[in-house]
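Written below as structure tokens is the structure these notes are about.
No lab work stands behind these numbers, since they all come straight from the coordinates. Quick caveat, the model's predicted, so the values are computed rather than measured.
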Amino acid sequence: RPVPCFSMAAEMDHSSQAQDNNAAETAQQMDRITDHVDDEDSSSNLDASKAASAANVLAAKQAKELEAQQARERELAAVKIDRSHVDVIADELLVDKKVAERRLREHGGDVVKAIRSYL
């Protein structure tokens, strides 16, 4: 009877050895994958620097556009308008008074040009 126990122990030892071999093979495969990814890291860093450069260019462009928009708003705010003209445009064309005021300012306070711009 002790022989079958020895045989079972041998089988378990053989099974354990097979699992160890399988684990070693899996580890080698993982190392190969990791090595491949490490090789690509240098190109990834280059891509990251290109992306950062493009983001900086885009941010500078957006800053210029914002500055131009703010300058335009200051310019429009400086235009003198007559409140009665705003009321006429809002009432006759059925638009909000803020919209009518903006249109009037865009046309230099000229109510006729502002109304014609809607037509």
| message | Taking the alpha-carbon distance from Lys80 and a cut-off under 24 Å, which lysines remain once sequence neighbours fewer than 8 residues away in the same chain are dropped? | response | Lys97, Lys98, Lys113
| Spatially proximal lysines relative to Lys61 (Cα-Cα < 18 Å; intrachain offsets below 8 disregarded) | Lys50
